Amino acid sequence: MALIQAIVGTLLLGSVLAFTPEQMLAAPRRSTANVNPSGEWALFTSTSYNWTTHKPSTKWQLMNVDSGDITAAPFDSGISEVVWVGPSNTSILYINGTNDEIPGGVTLYTADIGASNFSPTLVASLGAPFQGLKAVNTDSGAIKFIVNCLAYANNGSAYNPDLASKSRSTGQLYDANFVRHWDVYLTAERYAIFSGILSSGYGGSYTFDGTIKNLLWGMQAPVTRPESPVQPFGDQGDYDLSPDGNTVAFLTKAPELPKANYTASYIYLVPHDASLTADRINGPDTTAPDTAKGASASPRWSPDGKKVAYCQQDGIAYESDRFKCYFAEITGLHANVIPVAEDWDSSPAFLQWSLDSENLIIASELHASVRLWTIPIYAKSSYQPTNFTGPETTISDFAVLPGGSFFVSSASSWTSRMFYTIKPGEKPNVLFTANEADPELAGLGPKDVSNFWYEGGDGDMIQCFVFYPTNFNPDKSYPLVFNVHGGPQSSQGDSWSTRWNLRMWADQGYIVTSPQFTGTPSYSQRFTDAIQGNWGGTPYRDLEKLYEYLEANVSYVNTSNAVAVGASYGGFMMNWIQGQPLGRKFRALVTHDGKLSQESSYGTDELWFIQQDQNGTIWDNRDNYERYDPLFHAKNFSTPHFVVHNDLDYRLPIAEGVMMFNVLQSLGVPSRFLHFPDEGHWVLSRENSLVWHRAIFNWIRYWTGMEKDLLMDIVITQ
Ligand SMILES: *[C@@H]1O[C@H](CO)[C@@H](O)[C@H](O)[C@H]1NC(C)=O
Ligand SMILES: *[C@@H]1O[C@H](CO)[C@@H](O)[C@H](O)[C@H]1NC(C)=O
Ligand SMILES: *[C@@H]1O[C@H](CO)[C@@H](O)[C@H](O)[C@H]1NC(C)=O
Ligand SMILES: *[C@@H]1O[C@H](CO)[C@@H](O)[C@H](O)[C@H]1NC(C)=O
Ligand SMILES: *[C@@H]1O[C@H](CO)[C@@H](O)[C@H](O)[C@H]1NC(C)=O
Ligand SMILES: *[C@@H]1O[C@H](CO)[C@@H](O)[C@H](O)[C@H]1NC(C)=O
Ligand SMILES: *[C@@H]1O[C@H](CO)[C@@H](O)[C@H](O)[C@H]1NC(C)=O
Ligand SMILES: *[C@@H]1O[C@H](CO)[C@@H](O)[C@H](O)[C@H]1NC(C)=O
Ligand SMILES: *[C@@H]1O[C@H](CO)[C@@H](O)[C@H](O)[C@H]1NC(C)=O
Ligand SMILES: *[C@@H]1O[C@H](CO)[C@@H](O)[C@H](O)[C@H]1NC(C)=O
């Protein structure tokens, strides 16, 4: 027996290869699951990349929820979205991304996945690239649906770029802020929700009369025109259709406030037939509490069709304020808003109703992992729910199943996708986990990550995640990658990322640390708020304390052979520590899209963010901006520094990265600059990402003595 174990052990060791960027980028990326009404079937997509053909390929997959068996769905990647709706529990309505009659349009098909012959029927031809499909069966047998699309500003009709007339000039003239956002310049068109009806015809067929109505049309907009989904990340989660198909709830930014410097948004109701103009249920002069003034999220109809639940922040210009839960009792378009457990110090990300319409199932983050919680809708303000899922994975989406259990789509640093079912109080039943299915992820597991708590710069306990390389041996000493997350108000713990995959970074031969320093959400709202006006203050001291902790307490980390890396706020922090004593502790630094000059803050898109984080405008509160301005400390810059910055980053404009590189080179500090003309704040193309990883990994390995030379094949010199 011992002999067999020894052989198996050796074989395993020998067969476990380090996790590489090529593998991480090629490995299947699975969507969250879309579960059918009876809870028996789940659909999802899986997209892989092939380094020989340099092409991605997407397939649809169908899981039997009972057995976990996965088979190919009977359609290909030409289908962009599927909704379970129609006469049976396996009936679907889907968007086919092509339209043979109208270039740039899409088509709707009905089908039954449970039928022995999969034979879809074309039911509607839509003349623009509609997306975000939601649909319900009505009593008459018709299907009412909603979708979204850009709409013309002058008449509200759907905008099809393939058919739109093109101007002979490229000039764009503006009268108000918000010229550009994330990675695009704003044009006149805005996203709107459109409604349509598939009437039930002869023998179970459907007919479509071609009528599609813009539900946002006609709304009063003194300052900001309505737009739903809210850009750039909004999707069909920003709207919902009542179970009877008669009323649509959606959110749009506050029409009376300028879009660039306020986050506030409200929930509106509108009849599906557009017979009345949309009216709001929260915000000023409604039954919602006066304190609820900020951004709204996640409007969801109760299964009984009588209520809409949603979340809202208090702060009118604070994107990281705590979301609180509400529900509104609905009669017609009238609403009576009731807060739910409003003192709960947790910030819900999204929610669903229980099937009896009496509880909210809430996905909210605790200690850098999104978990599920149940709250009765009539819970008092002091009600404290408890999580019924744990920190093992972080939840991306979930569905409520008949019988009181839930279907969860989650991920962690060691699995890009896990599907499981869970009943509160019981153990999860894992149906699928990518690390056991994908050869690229073979060998990854929960053993690859742990965390500890240490005392931060101002006395708060800080949680720090640690990622280990393949075949980690605690008796050895490893060089350190000291990662500082972005946001700053977002966590980076035991989660999967294709942009900053810390488990894969570890396989370059490092221990990787990721502290959830002051400002990180999910540790109390006070802790999140404490980074205001304090960017280089408490968080910096939290990082100094972590370095000291690792030096004193963690024998397998060699702090004298360390590099520090970070993106966005983490990139700002790299630029900041470059001019501070902590910067001298590292062999090299890496900044991805970070800020060098706080004085150039107004080059950004979302002015609410800088004005909240620096606690005022630069003209009234200049000291706040100057206090932690890395550029002012340039004289001390001396640690080798790799700078990445992308041209389409309108959040932190390219000048920040170019300026940093110009300063480093002028001072004679060893440095490199990498940019992608076609990427924004994030590097998304896999080909670009591979270059990004190669160049950065070569840099950190060189400065920590693991590689003799710096890569020269992509370097452009004078
Ligand atoms: C769908 O499945 C549920 C649960 O199994 C069942 O009660 C219901 O009758 C089914 N509906 C149809 C239309 O078959
Ligand atoms: C990638 O494409 C090549 C060429 O078509 C093919 O031979 C190979 O099997 C593909 N690899 C994978 C993992 O599908
Ligand atoms: C999608 O539409 C194209 C033509 O527009 C058609 O050839 C194809 O069969 C459709 N596919 C499905 C699965 O509906
Ligand atoms: C709406 O306006 C656009 C731009 O002027 C025009 O191209 C389009 O034909 C109009 N649509 C309708 C339905 O009038
Ligand atoms: C927001 O922007 C508007 C329009 O530019 C301006 O009038 C207002 O003073 C700004 N408010 C804040 C708090 O910055
Ligand atoms: C809830 O979260 C705590 C803290 O992380 C954890 O110890 C506990 O196991 C979680 N509960 C469940 C049911 O997973
Ligand atoms: C080392 O760990 C101990 C126990 O957790 C802690 O009290 C001490 O402060 C740590 N040392 C440093 C330098 O952080
Ligand atoms: C730590 O790193 C330094 C610098 O590379 C090296 O000289 C030293 O030997 C390392 N210590 C251990 C224990 O590996
Ligand atoms: C922000 O500014 C307000 C008003 O000027 C002040 O009362 C508050 O203390 C400031 N907050 C921080 C964290 O500096
Ligand atoms: C540079 O570092 C020295 C020593 O820590 C410090 O006294 C000085 O103020 C720093 N200069 C700048 C511009 O930050």
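Please treat every number below as a calculation from the coordinates, not as lab data. Note that the structure is predicted; figures quoted are calculated from it, not measured. Using ideal geometry, Cβ is built from the backbone for each residue, glycine included, and neighbour counts are taken over all protein chains shown.
Stokes-Einstein diffusion for the range 41-135 at 25 °C, viscosity 0.890 mPa s, with a Kirkwood radius from C-alpha pairs, works out to 170 µm²/s.
Taking a ≥ b ≥ c as the square roots of the eigenvalues of the Cα gyration tensor, the range 342-454 is oblate, since a/c reaches 1.5 or more and a/b is not larger than b/c.
For PHE208, PHE145, what ranking results if the residue with the fewest other Cβ atoms within 10 Å of its Cβ goes first?
Lowest to highest Cβ neighbour count: PHE208, PHE145.
Considering all C-alpha pairs of the range 444-717, those separated by over 35 Å amount to 11%. Relative contact order, whole percent, for the chain stands at 8, derived from Cα pairs under 8 Å and 6 or more residues apart. Answer rounded, prolate or oblate for the range 282-377, using the Cα gyration tensor with square roots of eigenvalues a ≥ b ≥ c: rounded when a/c is under 1.5, else prolate when a/b is larger than b/c, else oblate. Judged from the Cα gyration tensor, the range 282-377 comes out oblate (a/c at least 1.5, b/c at or above a/b). Does the range 198-339 classify as rounded, prolate or oblate by the C-alpha gyration tensor (a ≥ b ≥ c root eigenvalues; a/c under 1.5 gives rounded; else a/b over b/c gives prolate, otherwise oblate)? Note, shape of the range 198-339 comes out prolate. Applying a DSSP loop filter and a limit of 14 other Cβ atoms within 10 Å to the trypsin sites (Lys or Arg not before Pro) in the range 144-253 leaves LYS166, ARG168.
Which whole-number percentage describes the relative contact order of the range 59-151, with Cα contacts under 8 Å and a sequence gap of 6 or more? The partial results should precede the final answer.
Working: 185 pairs, mean separation 18.2, N = 93.
Normalised by residue count, the contact order of the range 59-151 is 20 percent.
Tell me the Kirkwood radius of the chain: reciprocal of the mean inverse pair distance over distinct alpha-carbon atoms, in Å. Answer for the chain: a Kirkwood hydrodynamic radius of 27.3 Å.
Taking the alpha-carbon centroid of each part, what is the distance from the range 51-95 to the range 205-230 in angstrom? Computed from Cα coordinates, the inter-centre distance equals 29 Å. The relative contact order of the range 262-386, computed from alpha carbon pairs under 8 Å that lie at least 6 residues apart in sequence, is 19 percent. Pick out, from GLY203, ALA124, ALA153, the residue whose Cα sits farthest towards the positive end of the charge dipole of the range 119-242, with +1 on the Cβ of Lys and Arg and -1 on the Cβ of Asp and Glu. In the range 119-242, that residue is ALA153. Counting only alpha carbon atoms, the long axis of helix 655-666 and the longest principal axis of the chain meet at about 10°.
Cβ crowding within 10 Å, taken as a proxy for footprinting-reagent exposure, orders VAL658, VAL270 from fewest neighbours to most as VAL658, VAL270. Cross-link partners of LYS166 among aspartates and glutamates, defined as those whose alpha carbon lies under 20 angstrom from its own and excluding same-chain residues fewer than eight positions apart: GLU189. Please work out the C-alpha center-to-center distance from the range 481-532 to the range 635-706 and express it in whole Å. Going from one Cα centre to the other spans 20 Å. Dividing the helix sum by the residues of the chain, where each DSSP H run of 4 or more adds -39500 (n - 2.57), gives a mean residue ellipticity at 222 nm of -4000 deg cm²/dmol. Ranked by how many other Cβ atoms sit within 10 Å of their own Cβ, fewest first, the residues ILE714, ILE338 fall in the order ILE714, ILE338. Each part gets one Cα centre, and for the range 280-332 versus the range 116-184 those centres are 26 Å apart. In straight-distance terms, cross-link reach from LYS427 covers every one of the lysines whose alpha-carbon lies under 30 Å from its own, apart from those fewer than eight places away in the same chain; here that gives LYS324, LYS380, LYS447. Taking the C-alpha atoms only, the angle from helix 686-703 to the longest principal axis of the chain is near 20 degrees.
The angle separating the long axis of helix 569-578 from the principal Cα axis of greatest extent in the chain is about 10 degrees.
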